[in-house]
Each structure stands twice: as structure tokens, then as C-alpha cells.
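The values are calculated or read from the model by the stated rules, or taken from the named source; none is laboratory data. Since this is a predicted model, take the numbers as computed values, not measurements. No Cβ is skipped: glycine too gets one built from the backbone with ideal geometry, and neighbour counts run over all protein chains shown. Ligands, DNA and RNA are stripped out before the accessible areas are found, and what is left, the full protein with its side chains, is counted by its heavy atoms. Shrake-Rupley method; radii C 1.70, N 1.55, O 1.52, S 1.80 Å.
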Amino acid sequence: MTFEKNILKAAQIIKDGGIVAFPTETVYGLGAGVFNTKAIEKIFRIKERPFFDPLIVHISEIKQLELLVKKVDENILKLAEKFWPGPLTIVTEKNENVPDLVTANLPTVAVRMPNHRAALQLIQQAGTPIAAPSANKFGRLSPTNAKHVLKQLKNIDFIIDDGNTEVGIESTVISLNREGFTLLRPGVISKQDLSAVIRYTDNKFFIQERGLQSPGLLKSHYSPKVPLYILGEEKVNLSNKKIGFLTFGANKEKNNQLVTENLSPTKNLKEAATKLYEALHKLEESGVELIIAEPVPETGIGIAIMDRLRKAAAKKENLAEIVD
Ligand code: TXA
Ligand code: MG
């Protein structure tokens, strides 16, 4: 089938209340029409995602914001102008028409306009904003290609396969408040990039007061099926174990005991983000018993990469439970 035919078919499935996996520039998403609560419920079931974890709503044009948020204020427009379409998700007060299932009963909604031809055309053709979490089982590695999606998820109605995603890690999530923004999840668009447009206020009190917790801030997340340790930050017993090594920068040693995936031999953080999940999927599939990850510098995109690695490292117990 041609790309255009795939989009039309997928859009029809969304209109009929089905769910579709599709690429964005960050990771693949699992989408349904935002106002179709039955279809939204199916997403939670297939992902085994708890209902307390709200979804991001994807739009293809600014005008659709009016369907979703209470007030399209100046700050939203400034951010949209500068960063959309792109890997930025904005959390703001919701329009009451947005189903509570999508927002996990929060008074807010998360919205973004993805920078990907398939995602944008799908939303346009379906004629509705599309609510979509990443297309993986809850707590597991995010998918950066169609194969990763199919490895974890069964019973999806359709998948648009448009190759590997470019950015490789999930969007930056921010919450807007009266004074500015708070960072809920780091991504390739940094706090500094955003501060050039609106004021940064680390207003944790505002978040608590309104109950605007972001489950994306959960300590463990994005985990491979085997334990992951960060080199130099944790003690690990290596005896007789088959080890997967996630490296950054030139490979220092050749060791046949190690299965190695290099995120970027030239220490390019953008390249490392693009390859992060692909490398972890490969290590997971290679049959290693544990993964040791070399830390990357915590500047710019490195902040988002280390956020994902630390969350992957936080889950060492009960990994058997999430082995499918
Ligand atoms: O790049 C991305 O953001 C990808 C692609 C598919 O768009 N999506 C994605 O969705 O990563 P998901 O569901 O895996 O992560 C969404 C994050 C979660 O941590 C969720 O808790 C947070 O956004 N979130 C959604 N709505 C929220 C809200 N109203 N308040 C606070 N956090 C919210
Ligand atoms: Mg996710």
C-alpha cells in the first residue's frame, strides 16, 4: 500500500473507533480519537496502563487547541509559534469537553503538535485530535520503529510503518501556570530553549496545590526486561553474568564477554538520543542478563538521556512480572 493509502485507511479506523499505532518525530504513539472514550479505554487496556496516567493529545493545527484547552492564552501561542510542530507538550487547564479518561481526572490536558508527516496527515484525515501515549507496555522501553511496537503490543487495529523516528526520545513536557512554566519531563527542547520564550518558575507548590502531578515523574519507567545499572553510580555483582554495555564515546576495550551498543562514538548527544531506545531494545533482545550504561554529560540533551537511564535503572525488582 502507498503511504497515502495507509494514512486514509488508518484515519478511517480512527473514525470508526479503532486504535492505530503511528510514528511521530519522537517515538511511536498508540492513538484514538480524543472524544471516543471507548477507544481510549482500549488504549489503556492494551498498554496495561493504569488509569491514573493521563494521555497526550496530538493536534495538526493550532485551531484545534480551542477544542481542548480552556483558554488559548498568549504564552501558549508564543510557544506554539516557536516550537510546533515539534517535541514539546504543553499542560494547561482543559476544556470541559475533553473526557476525564484522557486526563486521568486532572483539571488539565497535555497537548502537542508532532513534527511528522504521518502523524499530521493522520490527524487531518481523521478530522479529530488524537490522544496517544507511547506505543509500549506501561513502564517498558518506548518504540522508535514499527518492529518495537509489534514486539510489545498485540491487538492493535493498524500500524503506520514509516521507518525509524528521528528524535528518539519522548517530548519535553511542561506545565503552564500564571507566572510561567515548570518542567515535568525533560526532552530535546531544553529548559533554556523554553526560558528564551516564557519565564521558568520551578513552582512545585503550584503543582501540588492543584494536584497536577505528572505520572511521567514516576521514579521507575522506560525499563528494559533486564536490570540496568549506571556505571560509576551503582554497585553491581558481575560474577559470571552475560553483560550488555551501553557506551558513549570511542570504544575503549575489546572484550568478547560484552555485547556492546555505542550511542555515539563521536560523543554527539543528539545522535545518542536518537539511538537510545533502539540500542536498549537490541541489548534486551541479545539475551544479556544485565545492562551497564555509561553515563553521558548532563548538559543540554544529555539531561533528558540521563533522566531516561535513571528511570530505567530504578526498576530492578520484579522484572519477571513485565516479561511478556
Ligand atoms: O513524545 C511523546 O510525548 C510521545 C509521542 C507519542 O507523542 N508520547 C508520550 O506519551 O511519551 P506518554 O503517555 O508515554 O507520556 C505522556 C506523559 C506522561 O508522563 C503523563 O503523565 C504526562 O505526559 N501527562 C499527560 N497529561 C498530563 C497532565 N494533564 N498533567 C501532567 N502530566 C501529564
Ligand atoms: Mg510512555
Under a Gaussian network model of the chain whose springs join Cα atoms within less than 10 Å, the largest fluctuation of T26, T108, T299 belongs to T299
With all protein chains present and a 1.4 Å probe, the order of Y229, Y200, Y222 from largest accessible area down is Y200, Y229, Y222
Taking 0.36 nm per residue of separation between E233 and Q192 and subtracting their Cα-Cα distance, the length gained on full extension comes to 12.1 nm
Of the accessible area of the chain, computed with a 1.4 Å probe and all protein chains kept, carbon and sulfur make up a percent value of 49
Any residue on another chain or 5+ positions along whose placed amide H is under 5 Å from the amide H of N115 is listed here as E25, G86
For L77 the rounded accessible area (nearest 10 Å², probe 1.4 Å, non-protein molecules ignored) is 80
Quick calc: nm separation of the 7 Å Cα→Cβ label points for F3 and K78 -> 3.5
In terms of the charge dipole of the chain, which places +1 on Lys and Arg and -1 on Asp and Glu at the beta carbon, the residue among Y200, P50, Y229 farthest towards the positive end is Y229
Taking V20, V188 and ranking on accessible area (1.4 Å, protein atoms only), highest first, one gets V188, V20
The relative contact order of the stretch 1-108, taking Cα pairs under 8 Å that sit 6 or more residues apart, comes to a percentage of 25
Given Cβ charges of +1 for Lys and Arg and -1 for Asp and Glu, the option among L120, S190, L246 whose Cα lies farthest towards the positive end of the dipole of the chain is L246
Here the averaged projected area of the stretch 116-157, based on the convex hull of its alpha-carbon atoms and given in nm², is 3.5
Taking Cα pairs closer than 8 Å and at least 6 residues apart, the relative contact order of the chain in percent is 19
GluC sites (Glu not before Pro) in the stretch 108-187 lying in a DSSP loop, each with at most 14 other Cβ atoms within 10 Å of its Cβ, come to E179
Counting only protein heavy atoms and leaving out ligands, DNA and RNA, the solvent-accessible surface of I174 at a 1.4 Å probe, in Å² to the nearest 10, equals 0
Amide H proximity to T89 below 5 Å, modelled H, separation 5+ or other chain, gives T172, V173, I174
Residue-normalised 222 nm signal for the chain, counting each DSSP H run of n ≥ 4 as -39,500 (n - 2.57), nearest 500 deg cm²/dmol, is -9000 deg cm²/dmol
To the nearest Å², the heavy-atom accessible area per residue of the stretch 85-211 with 1.4 Å probe amounts to 39
The correct ranking of F52, F248 by accessible area at 1.4 Å, largest first, is F52, F248
Two pseudo-spin positions, 7 Å from Cα along C-beta at N240 and at E41, lie apart in nanometres by 5.1
